[in-house]
Structure formats: structure tokens, C-alpha cells
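What follows is one structure encoded as C-alpha cells, with my remarks underneath.
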Amino acid sequence: MSDRDENSVKVKVGLEIHRQLDTGHKLFCACPTDFLESELEEKFLRRLRPTQSELGQVDQAALFEFHRGKSVLYESDHRTSCLVEMDEEPPGALNSEAVEICLTAALLMNAEPVDEIHVMRKIVIDGSNTTGFQRTCVVALDGMLEVDGRRVPIQQISLEEDAARKTNQTRDTVGYRIDRLGVPLIEVTTAPLLGSPEEVERVALAIGTVLRATRKVKRGLGSIRQDLNISIPSGALIEIKGVQELDLISKAVGFELNRQTALLKIKDELSRRQANPDALERKYVDLSDIFAGSQSRVVKEALSSKGVVLGVRLEKFGGLLGRELAPDLRLGTEMSSRAIFWAGVGGIFHSDELPSFGIGEEEVRRVKERLNLGQEDAFVLVADDPSRAKDALDAVMDRAMEAFPGVPEETRMAMPDGTSRYMRPRPGAARMYPETDVPPTPVTEELIMRLKANLPETPEKLAKRLMEQYSLNQKLAKQLIDSDYLRLFELIAATSKTQSSFIATILTETCKSLEREGVAVRSVQDSRIEAIFKLVDGGSVAKEAITDLLKWQARNPGLEPEDGVKQLGLRMLTESELGEVIARHIEKNKKLIDEKGTAAFSSLMGSIMSEVRGSTEPKMVAEKLKKRLAEISAR
């Protein structure tokens, strides 16, 4: 086992793709689904508690959130939320438009619609839902997509309400704004897929393409989220929530494969050392006197606030806490995450990383002596108030015990680099029960027949039409279909004088390039992008200014593109002003023109464009410059 080859390990992945639907109103009320930058009008504080299921069981994930002991501060305004989101009024009827969009997507994925839609409650008490549960319902089952010649089973297609968006968090309180709460979400769940991380990513892309084909999904940051259920042989089922970027899926799968493989190697090493879980004693020792003169900021702050430094010995764990599991992730990091979530401490110190962080060699030596450490043993320290420090070490010991069987089942949170961090225990079946306030919605044969008769184009037919209608090449057509900008492209191309291929290039290649640079171009509203192209059509700015305006608009979401034109100085030059610029450059390069004549065009064109780029069209500059050079040569 210690010679395990990561490349030979077969990873099994189940995908859950969530996408916001672009409907006229939320799932259970008449509030809009667009987020408005309006002033906050109301705040209210709540503490959510878990309840028993119909069988008298309590979901472990819900119990976990309750034990964290946080209160929830909600923010709202009347333009984006109402009493339904505040849980002060029962939900209204299920949004029929959202149901039809889900059924359309289901038919495109060859799924079988249910006869009747029943809304269920799924317990969620992390504060993201004011009710303490999320409303969800199954719309279709047993679908199939063909991806790269392979049949991919679609287990389930569901419709659910989106959660509130987190705004802040302190040790005792978490804040949410409820404008997003209740926005319709479609959830597509695949059967477990056996394959490479890259194959899993291509399946996610294919599902996204089908959803976009409905022309009724939102785009922008936060509109799409991917959850991954990952396992490897001898490992455990791990749920990774909230992978935002499509191209992070293969990274997330690869990192989780490496993490589980590394944890299995740690299990093997504990076995080789003949480590015994029964030897792990929850004997926490007060070591505050050793750190009375510590230079560690964390330790000094804890002791000055009447806190303590508690330590515990981990028999046979020496050298394992610093073992790398994934980039910037070690077993010690896993223990620290547990301590932070369960006890609310800032983190832990462990022997594999010390001396460091202001803790010196002499302090480490005295801790080892006090805890009676052997050659293969490790220790963990926590500096906080006595109660929190004890809870933190309890969490550390729980995680140490889980190292013996190998990989603990848990829910993890996706990080921006593709790695993940501990989030909470995996939920169980006890979290679901019927919603009694929303009546069942029948799915009639007449409805299904109407939807089948009006199904949107398949990606293949759509690509062919785009190439014919807009004179796009195959690459651009495919890029548009795989992007979130197809609907916007057709809207702009229908009225714009700008060449369709240029519009498509901006909305695919340019926008993707800007995203890689860290520009939040996905947050720019469609109406603002459309307005930028209208400025080009109207002659207010040059095509070359579009990229600069997109960057500016991403930084200034509350302003209009016209404001960007003024701030960036992108106003188009008049013919007279352009003539003056050309004349100045000709005067400055008289010697070059005398030597080369009209052949000086390239050099002059480059220097002029470096000055006027974004303020005039290159074609106009070229025409005027060629004409002027010809006049000079004719003298």
C-alpha cells in the first residue's frame, strides 16, 4: 500500500450541477430574481435549531451546525425580498415557468418526467435559509447524455430554491443577505462516473451546454455551482461543495484523489508503527506556565485574556501531521480545520511545524518533556479560553482517531485553487421531509407534449445555424455554445453594424482572457455589454476600446458605459482632430518619409495608432495616412 501509484487509482465521481434559472420571479413568491443594488432596510437576528425527522432522527450535519452556536444576522430590502424569504408568511405556489424550464432540460437529457411534483424540505441550519430548511423537488429521473461517445447516466433532475448569500462572519455571528434566497435553481445529478478528472470535467461541460440551450439560465458569478461526490477504492465518499469554475473540476478531482491516497498512506504508516487508537488519551495538559514569556502573538493574546495553552500527546503521530495531502494542505491542517469549525478557535500548533510562529526550541523541548513524548509521538497545542481550547482538542482527537481507518466521510468546501477544506459532517437521510405548505403539482401529458413540440435546438443544430446565419467559423460557433453569452450574442448581432465574428470573439475569447487576468467580467450585466456595442455602432468609441470598457465596467458595476468613456478618455476623435495628429507625426518623421516615401507607412501607422488606439478606427487612420503620404510623394 505504501507504494501506491496515484496514477493507477480509479476515481469515481458523481456530479451535481446547480444553475440559477432566469425566470420572472422567485420560486415561491413574486419577488424578482435579479439582484438590485438597493439600500438595506431591515435586519433581524435568529438562532436556528435542528428538529427531528418523522422517524425521530436528527441529522448529524444539522446537529453539527447547531453546536457551533452561531447566531444569524439577516439583511433585507423590499425590492428583492418579502415576508416569504423572512419566513413570516407561507410560500406561494410553485413557479410554473421554472417547472417548465426544468422539464425542458429534462427532455433534452432524455429523462423521464415524474407524474406529480412534490416539494420536500431539506434541513439546512447553517443560516443560509431563514426557515432552517431548503425547499426542493424532483422533476425527472433516469436520463442520459452522450459525451465523447460514452453514455452518461443522469440520475435525477430537481428544482430547488437558492440560498441567501453570506456577507460576513465573526466568531459568534454569521451574516446573510436574503436577496438571492428563493431564486429558482435546477440541479442535475449524475450517477457515479468512473474515469479521469478531465473526463468528469467534459461531462460537466456537456450538462452546462444542455442547460444553456434552454436560453433560460442566468450567467454571472454565483449563478452556477458544481458539487462533486468523490471516492476511490479503500477511500471514502467525500462531497466537495461549491466548485465555481468549470475548469476547476478536474483540479478538484485530482487534488481529492491525491488527498485520499495520502491519507491511506498515513493509515498504512500508523499500522507499520503498530499505533493503537486506544492509546490516544484525551488527557489535556495546561502548559500555560511554559509559555509565560512566549513571543507568539497568538499565545500572548490568549494568556492576556485569561486564556490557557492546552496540549495533548498524539502517540505514534510524529512526522505525520506535516505530511502533505494536497497543495497547502497537511494532516495538521485537517485537524486545525476541525478545531476552527467545532470550537471557533483561530487554529492549532503542532510539533511537526515547531519551532516557528514565535514558539522557540526551548518551549518545544519543555512541552515534549511535560507531555512525555516518545521518539515517534507528536503533540498539538491550542491557545484560547479554557472551554474553547478543550473543545478544539476534542475535535483534534476525533480527527486523529479517523486517521486509523483512513479517510473519513465528510462534506468539504471548494477553495479557489481547486483544493478543499473541511466544512461539516456528511448529511444523512434524516434531513428530508415533506413540505406541507405547497400542494403537489401535476405534470400532465398535455404539458409534456407541448414542451416536446417546442424543444430548443440541440447543440449540433445550433452550431450549424450559427455558422450559416452569422458566417461564423466552427471554432467560434462552438465557443459561443459553450459560453454563457450565446443569448447576448444573438441579441447584439441582430441590431449591430459590427461584424458578427468580431462580436463573438469579444464575448468568448476576450471575456475568457479577461477572466484569467482576474477581471470580474462575468459580473457585468448583459445590458451594459449591449450598451458598449451600441456606443461602437454609434461612432462614440472605437472597437479597440471595448476591452478597456469591459475592464472599467467590471470595476464600476453601478455606472454606465458612457461614464467609462469619459473617465478613460475614449471619446472618438473628429476627422479634423485625427488630421492634426497625422500631420504632427508626419512633421516629426520628415527624414524617414524623404528616405522611404510611401514605404514609411508601417512605421508611421504604428506610432499614430499607439497614440489614438481606442479613439478612432484603424481603417480611417490608414486611409488618411496613405492619402497624405501619396500627396507628399507626388510633389
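The values are calculated or read from the model by the stated rules, or taken from the named source; none is laboratory data. Just so it is clear, the model here is predicted, and its values are computed rather than measured. For neighbour counting, all protein chains shown are included, and Cβ atoms are generated from backbone atoms with ideal geometry for every residue, glycine included. Accessible surface is based on the protein model in full, side chains and every heavy atom, while ligands, DNA and RNA are left aside. Shrake-Rupley method; radii C 1.70, N 1.55, O 1.52, S 1.80 Å.
For first residues located in segment 259-286 and acidic (Asp, Glu), partners that are surrounded by 15 or more Cβ atoms within 10 Å (Cβ to Cβ) and part of a loop (DSSP other than H, G, I, E, B) and lie 6+ apart or on another chain with Cβ distances below 8 Å form the pairs Glu269/Leu320.
Screening the candidates Glu363, Glu369 for the property of being over 35 Å from the mean Cα position of the chain (by Cα), among the acidic types (Asp, Glu) and crowded, with 20+ Cβ neighbours inside 10 Å yields one hit, Glu363.
When we screen Leu257, Leu221 for residues that are open to solvent by 10 Å² or more (accessible area, probe 1.4 Å), closer than 30 Å to Ala392 by Cβ and either not polar (S, T, N, Q) or not in a strand (DSSP E or B) (or both), the only hit is Leu257. Look at segment 68-89: where a residue is at pLDDT below 95 and a partner is in a loop (DSSP other than H, G, I, E, B) and aromatic (Phe, Trp, Tyr), sitting 6+ places away or on another chain with Cβ atoms under 9 Å, you get Thr80/Phe35. For segment 486-522, the tally of residues that are buried (at least 19 other Cβ atoms within 10 Å of the Cβ) and not in a helix (DSSP H, G or I) stands at 1. Taking segment 168-198 as the range and being open to solvent by less than 40 Å² (accessible area, probe 1.4 Å) and charged (D, E, K, R) as the test, the residues that pass are Arg177, Asp179, Glu187.
Summed over segment 209-228, the residues that are within 16 Å of the chain's Cα centre (by Cα) and among the polar types (S, T, N, Q) give a count of 2.
Could you tell me whether any residue of segment 608-622 is open to solvent by 80 Å² or more (accessible area, probe 1.4 Å), over 20 Å from Phe502 (Cα atoms), in contact with a His (Cβ under 9 Å, 6 or more places away or on another chain) and among the charged types (D, E, K, R)? Yes: segment 608-622 contains one or more residues that are open to solvent by 80 Å² or more (accessible area, probe 1.4 Å), over 20 Å from Phe502 (Cα atoms), in contact with a His (Cβ under 9 Å, 6 or more places away or on another chain) and among the charged types (D, E, K, R). Only one entry of Glu315, Glu334, Glu324 meets the criterion of being open to solvent by less than 10 Å² (accessible area, probe 1.4 Å), among the charged types (D, E, K, R) and touching a residue at least 24 places away in the same chain (Cβ under 8 Å), and that entry is Glu334. For segment 260-285, what are the residues that are more than 16 Å from Ser387 (Cα to Cα) and either touching a helix residue (DSSP H, G or I) at 6+ places or on another chain (Cβ under 8 Å) or part of a loop (DSSP other than H, G, I, E, B) (or both)? Listed by number, the residues that qualify are Thr261, Leu263, Ile266, Arg273, Gln274, Ala275, Asn276, Pro277, Leu280, Glu281. In the condition set (1) farther than 19 Å from Phe533 by Cβ; (2) loosely packed, with under 15 Cβ neighbours inside 10 Å; (3) within 49 Å of the chain's Cα centre (by Cα), Val581 is compliant with all but (2).
Conditions tested, residue by residue: (1) open to solvent by 20 Å² or more (accessible area, probe 1.4 Å); (2) in contact with a Ser or Thr (Cβ under 9 Å, 6 or more places away or on another chain); (3) modelled with pLDDT of 95 or more; (4) closer than 17 Å to Pro153 by Cβ.
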residue	(1), (2), (3), (4)
Val200	no, yes, no, yes
Ala206	yes, no, no, yes
Thr209	no, no, no, no
Ala213	no, yes, no, no
Arg225	yes, no, no, no
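Of the residues making up segment 330-356, just one is aromatic (Phe, Trp, Tyr) and in contact with a helix residue (DSSP H, G or I) (Cβ under 7 Å, 6 or more places away or on another chain), namely Trp342. Those strands (runs of 3 or more DSSP E) of segment 148-207 in which 2 or more residues are more than 27 Å from Ile340 (Cα to Cα) occupy 150-161, 184-190. Put simply, of Val124, Val84, Val114, Val119 the only residue that is within 25 Å of the chain's Cα centre (by Cα) and among the aliphatic types (A, V, I, L, M) is Val124. Tell me whether segment 7-16 contains one or more residues that are under 26 Å from Pro427 (Cα atoms), surrounded by 14 or more Cβ atoms within 10 Å (Cβ to Cβ) and at pLDDT below 90. Yes: segment 7-16 contains one or more residues that are under 26 Å from Pro427 (Cα atoms), surrounded by 14 or more Cβ atoms within 10 Å (Cβ to Cβ) and at pLDDT below 90. Residues that are aromatic (Phe, Trp, Tyr), open to solvent by less than 60 Å² (accessible area, probe 1.4 Å) and assigned to a strand (DSSP E or B) do not occur anywhere in segment 398-405. If the condition is being open to solvent by 10 Å² or more (accessible area, probe 1.4 Å), under 21 Å from the mean Cα position of the chain (by Cα) and free of Cβ contacts under 8 Å to residues at least 60 places away in the same chain, then segment 137-167 contributes Ala163, Arg165, Lys166.
From the list Asp391, Asp377, the one residue that fits, being free of Cβ contacts under 8 Å to residues at least 60 places away in the same chain, open to solvent by 10 Å² or more (accessible area, probe 1.4 Å) and not aliphatic (A, V, I, L, M), is Asp391. Among the residues of segment 350-409, the ones that are of a type in the set (Asp, Glu) and closer than 26 Å to Arg297 by Cβ come to 10 in all.
Looking at segment 123-133, is at least one residue within 23 Å of Ala204 (Cβ to Cβ) and assigned to a strand (DSSP E or B)? No; the residues of segment 123-133 include none that is within 23 Å of Ala204 (Cβ to Cβ) and assigned to a strand (DSSP E or B). Criterion applied to Asp548, Asp526 was being open to solvent by 20 Å² or more (accessible area, probe 1.4 Å), in contact (Cβ under 8 Å) with a residue 12 or more places away in the chain and either within 23 Å of Lys218 (Cα to Cα) or among the aliphatic types (A, V, I, L, M) (or both), and the one residue passing it is Asp526.
Among the residues of segment 465-473, some residue qualifies, meaning at least one is more than 30 Å from Pro113 (Cβ to Cβ), modelled with pLDDT of 95 or more and open to solvent by less than 20 Å² (accessible area, probe 1.4 Å).
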